[in-house]
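**Q** Here it is, the structure, as structure tokens.
The values are calculated or read from the model by the stated rules, or taken from the named source; none is laboratory data. Note that this is a predicted model, so its numbers are computed, not measured. Methodologically, a virtual Cβ is constructed for each residue, glycine included, from the backbone with ideal geometry; neighbour enumeration extends over all protein chains shown. We work out accessible area using only protein heavy atoms, side chains counted, and drop any ligands, DNA or RNA first. Shrake-Rupley method; radii C 1.70, N 1.55, O 1.52, S 1.80 Å.
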Amino acid sequence: MFRAARILGALAVAFTALLGTSTSASAATHDPVIFVYGFNGSTSTWTDMVADFQAHGYSASELTIFTYTSTQSNVTTANQLASKVAAVRSATGAAKVDLVTHSMGALSSRYFLKNLGGTSVVDDWVSLGGPNHGTTTASLCSWLFTACSDMVPGSSFLNALNATDETPGSVNYGTWWSSCDDTINPDSSVALTGATNTAAGCLGHSELHDDDTVAAGVRAFIA
């Protein structure tokens, strides 16, 4: 009888350990994160933030930088982003992804959410210094690139994007804006109705994707 009790006890301990291992493994996984840079950006935009995410438990396979030609229309980019999201979900088996964007990257990703079925496959969406209601600096290149004309305040692209509902679906929307951002004018352009809008303090436009405090806030937001 005592032998049987010892065996049952050992089995119970092993089963508990197995459950603990399974729970830990589950807790260690995250939604895949896709980073979207802005106008004239590149993969190097995300060097610091990707390193921060990896230092806090994200694996390289959970972090993807979406690359595209930033001078093209945001509608074209949105369709390419839709393909990238589908590819990441297929490769990882994830039901949903998180999108972390900088500057103009907010616009193509929002178009994807609103018009291309993105709300069903995106869990969290982040905009760092996004010209969500336009920026006057875009007029400097609006005559040359469609991407810039999309960003001019009052453009047909922005009017349609912000019509009716700025944060559609069940996606968790978050924005970070800076009072010292000289690229996004006015500063209030970044905030969206229905989003969690966070003041990042006095940071330059590019500092928003390199700042440790912002990175920690983004990680907490999408956790």
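**Q** Using 0.36 nm times the number of residues separating ASP48 and THR213, minus their current alpha carbon distance, what extension gain do you get? List each step's numbers first, then the result.
**A** On the way: separation 165, 0.36 × 165 = 59.40 nm, distance 1.19 nm.
The span from ASP48 to THR213 would gain 58.2 nm if fully extended.
**Q** Further question on the same structure: Equivalent-ellipsoid semi-axes (√(5λ), Cα gyration tensor) for the range 34-174, whole Å, largest first?
**A** In descending order, the three semi-axes are 24, 17, 13 Å.
**Q** Now a separate question. When the solvent-accessible surface of protein heavy atoms is calculated with a 1.4 angstrom probe, in what order do LEU140, LEU81, LEU116 fall, highest first?
**A** Values: LEU140 135, LEU81 0, LEU116 65 Å².
Per-residue accessible area, sorted high to low, gives LEU140, LEU116, LEU81.
**Q** Sketch the reach of a paramagnetic label on SER142 as a point 7 Å from Cα along Cα-to-Cβ, and name the residues of the range 155-185 whose backbone nitrogen lies under 18 Å away.
**A** The answer is 155-163, 183-185.
**Q** Magnitude of the Cβ-charge dipole of the chain, K/R +1 and D/E -1, about the Cα centre, nearest 20 debye?
**A** It works out to roughly 1020 debye.
**Q** Before I look further, what does the range 62-101 give for accessible area per residue, probe 1.4 Å, in whole square angstrom?
**A** In whole numbers, the range 62-101 has 39 Å² accessible per residue.
**Q** How much length is gained if the chain between LYS96 and SER59 is pulled fully straight, taking 0.36 nm per residue apart and subtracting their Cα-Cα distance, in nm to one decimal? Could you put the intermediate results ahead of the total?
**A** On the way: separation 37, 0.36 × 37 = 13.32 nm, distance 1.67 nm.
Here the segment from LYS96 to SER59 would lengthen by 11.7 nm.
**Q** Leaving ligands, DNA and RNA out of it, report the carbon-plus-sulfur percent of the accessible area of the range 121-162 at a 1.4 Å probe.
**A** The C+S portion of the solvent-accessible surface of the range 121-162 is 62 percent.
**Q** Say we join alpha carbon atoms closer than 10 Å with springs in a Gaussian network model of the chain; which of PHE35, PHE145, PHE53 then has the biggest fluctuation?
**A** Comparing PHE35, PHE145, PHE53 in the GNM, the peak value goes to PHE145.
**Q** Next question. Order ASP31, ASP52, most accessible first, counting only protein heavy atoms with a 1.4 angstrom probe.
**A** Highest to lowest solvent-accessible surface, that is ASP31, ASP52.
**Q** Give me the dipole magnitude in Debye, nearest 20, for the range 87-180 about the Cα centre, with unit charges on the beta carbon: positive for Lys and Arg, negative for Asp and Glu.
**A** 140 debye
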